[in-house]
Amino acid sequence: MKEIKGEQYKVNYKQESTTINFEGSLRRMGMTDYQPIENFMNEILDQNLGEITLDLCELVFLNSAGFRMLSKFVIAVRKQAKTQIVVKGNQAITWQNTSLKNLQKLMPSLILKWD
């Protein structure tokens, strides 16, 4: 398992389930601050996996720059056309309930699951 940690967040990858887990709060960060996470996710995408799951169930806050990062990743997956993406969200977290549906607009084949 690989991992990136900040003061208020953790992003890790579980290879056996091809799942990228996000936990905590991604706030007060600009696009350059997200670059290590974006690079991390793109390295996983470069493995040409059949499916990647983004588990956001424990991500309580994500600012607009972070949502742009997720959107760019979904677009990269769509362009690659080899990998199915599954996004797991938590409807009890307000931003997820409204924003995650927008990822499906970027990639209609994206599977959105709610916990």
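Bear in mind that the values in this text are calculations on the coordinates, not laboratory data. Every value quoted in this text rests on a predicted model; they were computed, and no experiment measured them. No Cβ is skipped: glycine too gets one built from the backbone with ideal geometry, and neighbour counts run over all protein chains shown.
Assorted remarks:
- Selection within segment 79-115 - of a type in the set (D, E, K, R) and within 14 Å of the chain's Cα centre (by Cα): Lys88, Lys101, Lys113
- Counted residues, segment 84-104 - those being under 18 Å from Ile52 (Cβ atoms) and surrounded by fewer than 17 Cβ atoms within 10 Å (Cβ to Cβ): 3
- Scanning segment 104-111 finds one or more residues that are of a type outside the set (D, E, K, R), in a strand (DSSP E or B) and either in contact with a His (Cβ under 6 Å, 6 or more places away or on another chain) or in contact (Cβ under 8 Å) with a residue 24 or more places away in the chain (or both).
- Checking the stated criteria, Glu58 turns out not to satisfy the condition of being under 21 Å from Gln15 (Cα atoms), part of a helix (DSSP H, G or I) and of a type in the set (Asp, Glu).
Here is a yes/no grid of residues against (1) among the β-branched types (Val, Ile, Thr); (2) touching a strand residue (DSSP E or B) at 6+ places or on another chain (Cβ under 7 Å); (3) not in a helix (DSSP H, G or I):
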{"site": "Asn42", "(1), (2), (3)": "no, no, no"}
{"site": "Asn48", "(1), (2), (3)": "no, no, yes"}
{"site": "Thr53", "(1), (2), (3)": "yes, yes, yes"}
{"site": "Arg68", "(1), (2), (3)": "no, no, no"}
{"site": "Lys79", "(1), (2), (3)": "no, no, no"}
{"site": "Val87", "(1), (2), (3)": "yes, yes, yes"}
{"site": "Gln91", "(1), (2), (3)": "no, yes, yes"}
{"site": "Gln96", "(1), (2), (3)": "no, yes, no"}
{"site": "Asn102", "(1), (2), (3)": "no, no, no"}
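- No other residue among Gly50, Gly66, Gly24 is among the small types (Gly, Ala, Ser), crowded, with 18+ Cβ neighbours inside 10 Å and either touching a Lys or Arg at 6+ places or on another chain (Cβ under 9 Å) or under 19 Å from Ser109 (Cα atoms) (or both) apart from Gly66.
- The residues on offer are Asp55, Asp46, Asp33, Asp115, and the sole one that is among the acidic types (Asp, Glu), touching a Cys at 6+ places or on another chain (Cβ under 7 Å) and without any contact (Cβ under 8 Å) to a residue 60 or more places away in the chain is Asp115.
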